[in-house]
Amino acid sequence: MEKQTKPPVLTALDPHLDREATRYDQPIASREHLAELIKTHQPPCTFEQVATLLQYEDPVSLEALERRLRAMVRDGQLISNKVDGFLPVDDKDLIRGRVIAHPDGFGFLHPALGNAKEDLFIPPGQMKSLLHGDVAMVRITGTNKRGRLEVALVHVLERANKRIVGRILVDAGLTYVVADNKRITQDIFIPADQVGDAKPGQIVLADITEQPTFRRQPVGRVREILGDHMAPGMEIDIAVYAHDLPNEWSPEVLSEIQQLSDQVADADKQGREDLRDKLFVTIDGEDAKDFDDAVYCETYGTGWRLYVAIADVAHYVRPDTGLDKEAFNRGNSVYFPGRVIPMLPEILSNGLCSLNPHVDRLAMVCRMDISIDGRIVDYKFSEAVFRSHARLTYNQVADMLVLRKIPVRKQFETVIDSLETLYELYHVFAKQRKKRGAIDLETTETRILFGENRKISAIIAVERNDAHKLIEECMIAANICAARFLEHHEIPGLFRVHDTPPLKKTEDFSTFLGEMGLKFAAREDIKPKDYSLLLDKIRERVDFHLIQTVLLRSLSQAEYNPVNCGHFGLALEEYAHFTSPIRRYPDLLVHRAIRHILRGGKVAQYHYSKDDMLDMAAQCSKTERRADEATRDATDWLKCEFMLDKVGESFVGIISSVTSFGLFVSLNDIHIEGLIHITSLSRDYYQFDPVGHRLVGEHSGQVYRLGDVIKVKVVRVSLDDRKIDFIPADSAMLDPNAAPRKNKKSQPADGDKPNKKKRGRSGKPKQHDKAATPAPSSKKKPRKKR
């Protein structure tokens, strides 16, 4: 593209023109200049008026201006009215964020970075014109009965749902699509001429042709019939479409990958550090297909020299290409049981970028010098060519290093010595981890095994051995160095941050521990070591898992942020994601930043600004949550299907969560969770104690507490709602085939009436002050008011 030799008159007055000129071949007015221009002009200001003020006439500048104005509306810097006029935004009064809808009709606004610190409550009336995931501009209107900040909608900036997957429903002669995603609480009306061949009960994909407003529900048309309800594999198709996961490659991407072969070109190896003689190995699970990290360790002085080689995805995926746009849109690979939606096409994820054994591969290598006490005393990043000398599994490495099985050691005798050195380093890393106070939680991961027709044959726990921990420590070390590199060079990038827990949560945790006879000082400057020392103290207690679960819930959630805030859980001052660029876009961004500096680039000339990273952080955090929700939905559907033929059977489980409306119980051995509703407990009034995580019977004194062992009977399984209902196994209250007894509808957490009569979904319990069942007396005791 030719550079513009003479900028338009008012663009020349732009104080940020030099910055724009370093980033674009044909610079246009900066966002700051456009906002000021529209503000000083008599608003609203149309696109044509803005273009005239800037004296833009050529098609390239006009197209670029249109894209920038749209982006400013999307990002909340401008508001677009109904006649395409642009209005300035007063940042003091308005807050931009993403809508998190609740199945009961209300919602929350999760503010964009820098907008506000807490989620804001959106009443049901304001949710009428919003759907889950929309980006909106709101104004704080006050506080509700619960003291939570409440907002009113000002403007919808971005619609998240253009398509909806759900079941066809016909009611009074009218056709609707009921969204599979229960956070989409509004049914989509389908006009008679837009139904096509879809029949009631079928799963369809529907385009939303008219978004909801305060006066009208959304309108759509059936785009595709996905199939019948119980078809094999349907659960993943539903999750993919319900959460709008990109799962097809654009023509631009397909065109770009046609130029790639399955071998690294000789020209691409030139000018790189040659590490092919180092005995690198990959260590992954048995079913892994994309290998994005390899390790090698040798003694160095009195300590060690550790090499972590990461697939050089940045070499193949360049900024602003079709591949890059698609990777950014996807944000990460999504791992369903038995199926993967990759971030990159297979020729890269399983081919050129996968560190397969005995073939040359390009890598970004982090070389670290480690002291005798496990500290990183020096590090260096380099672009390299190397090869993996063995593809190892975690179990094989554990057999060699922990169990010292001779046959396996002989099978991999060429790399056994370097593995032994690596194992020595792991033990030193583990001591250093403990010394700095990293929080080590004992959690159980599960794996679903399939039989014929994709039916679950078993759900098994995945055992973590020393090989898992060894690789984890190596990756943490490389991630630390990547974060230090970003900090040192002050180049825009994304950090993986984990904030200190809020004081209120630590106070509640302290109160809970006090009832257990344990002391824990809640304070604002709490340290990870405080939690670590507590875990060491209670590890042998019978209620260890109970306390650990409550501890985990007291911690903040990790996220991506362009500002380094440290990682509380790992007890680190700096941390970034660097080690998985095949499956995580934030890692790719970190690679690009490192690559830019290694090639002599200046920070001012870098492709991304710090403002760009704010958008990147929001997108990457959003796609991470989207992937988690999609995989959870698919997994819950599969687990419900697995339990369909087990209605009436009894199981032993552990109470995994206590809410005001009942108990969630996780079944031993099969690792499936269901709900004992409050109405299924013995006849009594039950007081909910959120700090003590328990329900207490007012008359009987019966206590149900988080972590208690309980025997339950399966009474109901709903695939549509992905819910499994239990009753206590000794309860004679219900026949398994009887309809459930209904409790009086209770208010949602923030005191606003729901617009749907649905129970809170599994895993997202609503918080109430009290729940009760009828007292065993001739005169029913009235329900107490809050």
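The values are calculated or read from the model by the stated rules, or taken from the named source; none is laboratory data. Remember, predicted model here, so these are calculated numbers, not experimental data. Heads up, the Cβs are rebuilt from the backbone with ideal geometry, glycines too, and the neighbour counts pull from every protein chain shown. In case anyone asks, the SASA skips ligands and DNA or RNA and just uses the protein heavy atoms, side chains included. Shrake-Rupley method; radii C 1.70, N 1.55, O 1.52, S 1.80 Å.
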Exercise. Using a 1.4 Å probe on the protein chains only, how many percent of the accessible area of the range 308-460 belongs to carbon and sulfur?
Worked result: 50
Exercise. Length gain on complete extension for the stretch residue 610 to residue 523, per 0.36 nm per residue less the alpha carbon to alpha carbon distance?
Worked result: 28.1 nm
Seminar exercise, completed: Extension length gain for residue 192 and residue 539 (0.36 nm per residue less Cα distance), in nm, is 118.7 nm
Exercise. Given a Förster distance of 60 angstrom, what is the FRET efficiency for residue 455 paired with residue 13, based on the Cβ-Cβ distance and rounded to 0.05?
Worked result: 0.30
Exercise. Expressed in nm to one decimal, what extension gain is obtained for the pair residue 403 and residue 217 from 0.36 nm per residue of sequence separation less their Cα-Cα distance?
Worked result: 60.7 nm
Exercise. Quick one: if the Förster radius is 30 Å, what FRET efficiency do residue 689 and residue 395 give, using the C-beta to C-beta distance and rounding to 0.05?
Worked result: 0.10
Problem set entry | Reachable aspartates and glutamates from residue 410, criterion Cα separation under 17 angstrom, eight or more residues apart if same chain | 399, 420
For this session: Quantify, in whole percent, the carbon and sulfur part of the accessible surface of the range 544-613 (1.4 Å probe; protein heavy atoms only).
Result: 48
Exercise. Can you work out the FRET efficiency for the pair residue 360 and residue 619, with r the C-beta to C-beta distance and R0 = 30 Å, to the nearest 0.05?
Worked result: 0.35
For this session: Would you compute, from DSSP H runs of 4+ residues alone, the mean residue ellipticity of the chain at 222 nm, taking -39500 (n - 2.57) per run and dividing by the full residue count, rounded to the nearest 500?
Result: -8500 deg cm²/dmol
Exercise. With each pseudo-label sitting 7 Å past Cα toward Cβ, what's the residue 210-residue 652 distance in nm, one decimal?
Worked result: 5.9
Seminar exercise, completed: Placing +1 on each Lys and Arg Cβ and -1 on each Asp and Glu Cβ in the range 344-459, then taking the dipole about the Cα centre, the residue among 429, 448, 350 whose Cα reaches farthest towards the positive end is 448
Problem set entry | DSSP-loop trypsin sites (Lys or Arg not before Pro) across the range 601-659, with at most 11 other Cβ within 10 angstrom | 602
Problem set entry | Over 18 Å between alpha carbons, listed pairs 128/622; 434/505; 435/529 | 128/622; 434/505
For this session: Filter the cross-link list 289/527; 504/527; 469/646 down to pairs whose alpha-carbon distance in this structure exceeds 27 Å.
Result: 289/527; 469/646
Problem set entry | Dipole magnitude of the range 127-229 about its Cα centre (Cβ charges: Lys, Arg +1; Asp, Glu -1), debye to nearest 20 | 580
Problem set entry | Probe 1.4 Å, accessible area per residue of the chain, Å² | 47
Exercise. Where the accessible area of the range 124-185 is counted over protein heavy atoms with a 1.4 Å probe, how much of it, in %, is carbon and sulfur?
Worked result: 48
Problem set entry | residue 413 paired with residue 231, simple spin-label distance in nm, labels 7 Å along Cα-to-beta-carbon | 5.5
Exercise. So which aspartates and glutamates pass the test for residue 537, namely a Cα distance under 20 Å, with those fewer than 8 places away in the same chain ruled out?
Worked result: 440, 442, 507, 508, 515
Problem set entry | Simple spin-label estimate for residue 599 and residue 720 in nanometres, 7 Å along Cα-Cβ | 5.6
